[in-house]
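Derivation of every value follows stated rules applied to the coordinates shown; laboratory data play no part. It should be emphasised that the depicted structure is a prediction, and the values quoted were computed from it without experimental measurement. Note that we place each Cβ from the backbone using ideal geometry, even for glycine, and neighbour counts take in every protein chain shown.
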Amino acid sequence: MKILKKGKQCFALFVLSLLMLAACLAGCGKKEEAEDKIQDLEFTVVGQNEIPQELQEIIEQKKREPFRLTYTSGQDLYIAAGYGEQKTGGYSITVPELYLTENSITIRTELEGPEQGEQTGSEPSYPYVVVRMEFMEKPVVFK
């Protein structure tokens, strides 16, 4: 009887120790810090006719689901962000920030829905935005 009681106590102590370890690992992890902006970057939002053919084909394959991708052509870097299938038309995407940090290029895009009362149609849409900027040898971070 005493052995059984001690076994339960050891098991409870073991479970408690695991829970404490898990809590410490979850709470004590290094938080990812946002990198400081060095400068805003110049970019152009490109129309569908200005997107390189190969990039357009990749977007066409991926557009049904949200996507983030980059594409290089000569001295240009293209950054594309799509928001997947939306139930109607009338959506647009803005690019409030595109800036350089010490280690990366950071872009923030936002999906904006149709205006109240706007005619949107009944067909699904696949909103995405493509920006072109001067090529830089840095990874792109999407926000």
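Before moving on, here are some points about what is shown:
- Meets criteria (surrounded by 12 or more Cβ atoms within 10 Å (Cβ to Cβ) and either touching a residue at least 40 places away in the same chain (Cβ under 8 Å) or touching a His at 6+ places or on another chain (Cβ under 8 Å) (or both)) for residue 114: no
- Exclusive hit being surrounded by fewer than 16 Cβ atoms within 10 Å (Cβ to Cβ), in contact with a Lys or Arg (Cβ under 9 Å, 6 or more places away or on another chain) and touching a residue at least 24 places away in the same chain (Cβ under 8 Å), set 124, 96: 124
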